[in-house]
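Structure record follows, encoded as C-alpha cells.
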Amino acid sequence: MNTVIRHILTSVLFCIVFTLLVVGVTFFFFPPSNWSDIWNEGFGNVSYLVWILGIGISVGTITGLSIGWYWKQRLHSVERKLDQMVKGQKVSQEEEAYKELTSIQLRIDQLQEKLRNQAEHAQRLATERAHEREKSLQEIVIQERNRLARELHDSVSQQLFAASMLMSAINETNPPEEATLKQQLTMVEKMIHQSQAEMRALLLHLRPVALKGKSLQEGVEELLLELTQKVPMEIESKVEAFTVDKGVEDQLFRILQESISNTLRHAKATTLNILLIERDETIILRVVDNGIGFDMKKEKTSSYGMQNMRERAYEVGGTFKIVSLPNEGTQLEVKVPVLKKEEFVND
C-alpha cells in the first residue's frame, strides 16, 4: 500500500475513534434529556452526528496526507542514497538533513566507507596479482632468453668459429689460383666474420650482463672488457667515479647495453667511444661509433630499441638524444640529473 494512503487511512481511523470517544465521554457526563434529539438536531439539514463524523474524517484525511507526504519525502531521500550506493556513486549530502534520519544517514556513511575500503582492497589485490604475473612472466622470459643464448653459443657460435678458422686456413695456406674463386672465398670469409659479429651482438642482447652487487662503473668496465675480448673493434672509454641511486644505475646500464647491441648488429663500425661522466650535477652517457649511420628523416628512430632506451631515460627524469648521418656514424647521448637527498638532523 502507498505510504500516503496508509497514513491517511490510519489518521482518519484515529480521528474518528478519538471524536467518538470525546463525544461519548461528553454525553456520559452530560447526558441529554432525549437521545433522539441528537440525531434530529444539527446544522442546516445535516445531523449533528454526521457533522462530528465528517469533521473527524476531514481532519484525519488532512493530517494523514500531511504526515504521509512528509515521510514519503524522507523515504525517497533514503531510497535515492541507497540507489547511489548501488550504482557506485558518491552519496550526496543534503544541506538540511532530516533529523529523523540522522542515524540512518550515519549508517549509510559507514556502509559506504566499508564498501569503499573493500573496493580499494580488491583493487590492491588485483594490482599485486598483476605485478606478480608480470614478474613471473619476466622471469620466464629471462630464463628462456638465457637458454637460447646458451644453445646458440654452444652450437651456432661454435660452428661459425670453426667455419671462420677453416676459411682463413684455406685463404692463407692454399689460396686458389683463379681470381674469381679467390674473391668469392674472401667474400665468404667476410660474411662469416660478419655473422660472428651479429651472433655476439645477439648473445649480448639475449643474455645481458647484470649489475648484481656491482656499481655502474664496475659493470661498464666488465662489459667493455668482454667486448674487447670477443669483438674485433677498437673501443675507447672514459668512465669516471660517481655515486647515484641504484635505479638510475640500472637504467643507464641497460641503455648502454642496448646501444652497444644496436651498434654491433647494424652499424658495421670499427671504433666505439663510450663516455660516462658527471658534470654540473648531471650524469652524461655518450656512445659514439663510426659506422654506416642512417638518415634520421627516412629511418624509423621510433623502433623498439630506440623507444626502449628513450623510455628508460625518461623513467629516471633524463633526456634522450640521438644524432646520425649516413656514412658518418651515430652518436647517442643521455643526460640524467642527480637529485641530492636532503638530510634532516633531529636536534
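Only a single criterion out of (1) over 22 Å from Phe242 (Cα atoms); (2) out of contact with any Gly (no Cβ under 8 Å at 6 or more places or on another chain); (3) open to solvent by less than 20 Å² (accessible area, probe 1.4 Å) is not satisfied by Asp289, namely (2). A single member of Thr228, Thr186 is at pLDDT 80 or above and either open to solvent by 80 Å² or more (accessible area, probe 1.4 Å) or in contact with a Cys (Cβ under 7 Å, 6 or more places away or on another chain) (or both), and it is Thr228.
Screening Tyr314 on (1) part of a helix (DSSP H, G or I); (2) modelled with pLDDT under 90; (3) not hydrophobic (A, V, I, L, M, F, W, C) shows it passes everything except condition (2). Within the stretch 189-220, the set of residues being at pLDDT below 80, open to solvent by less than 30 Å² (accessible area, probe 1.4 Å) and within 24 Å of Glu172 (Cβ to Cβ) comprises Gln196, Ala197, Met199.
Counting only strands (runs of 3 or more DSSP E) wholly contained in the stretch 220-291, the ones carrying 3 or more residues that are under 19 Å from Val323 (Cβ atoms) occupy 271-279, 282-289.
Taking the stretch 239-274 as the search range and keeping residues that are more than 34 Å from the chain's Cα centre (by Cα) and closer than 22 Å to Lys212 by Cα, which one is surrounded by the most Cβ atoms within 10 Å (Cβ to Cβ)? The residue in question is Ile274. Suppose the filter is touching a Lys or Arg at 6+ places or on another chain (Cβ under 7 Å), assigned to a helix (DSSP H, G or I), open to solvent by 60 Å² or more (accessible area, probe 1.4 Å) and farther than 30 Å from Val86 by Cβ; does Arg150 pass it? Considered against the rule, which asks whether it is touching a Lys or Arg at 6+ places or on another chain (Cβ under 7 Å), assigned to a helix (DSSP H, G or I), open to solvent by 60 Å² or more (accessible area, probe 1.4 Å) and farther than 30 Å from Val86 by Cβ, Arg150 comes out as no. Across the stretch 83-101, the qualifying residues are those that are assigned to a helix (DSSP H, G or I) and either in contact with a Cys (Cβ under 6 Å, 6 or more places away or on another chain) or open to solvent by 80 Å² or more (accessible area, probe 1.4 Å) (or both), and the one among them that is modelled with the highest pLDDT is Val86. A single member of Glu132, Glu113, Glu139, Glu144 is within 28 Å of the chain's Cα centre (by Cα) and under 30 Å from Val86 (Cα atoms), and it is Glu113.
The values are calculated or read from the model by the stated rules, or taken from the named source; none is laboratory data. Nothing here was measured: the structure is a model prediction, and the numbers come from that model. Positions of Cβ are generated from backbone atoms using ideal geometry, with glycine treated the same way; all protein chains shown enter the neighbour counts. Only protein heavy atoms, including side chains, enter the accessible area calculation; ligands, DNA and RNA are left aside. Shrake-Rupley method; radii C 1.70, N 1.55, O 1.52, S 1.80 Å.
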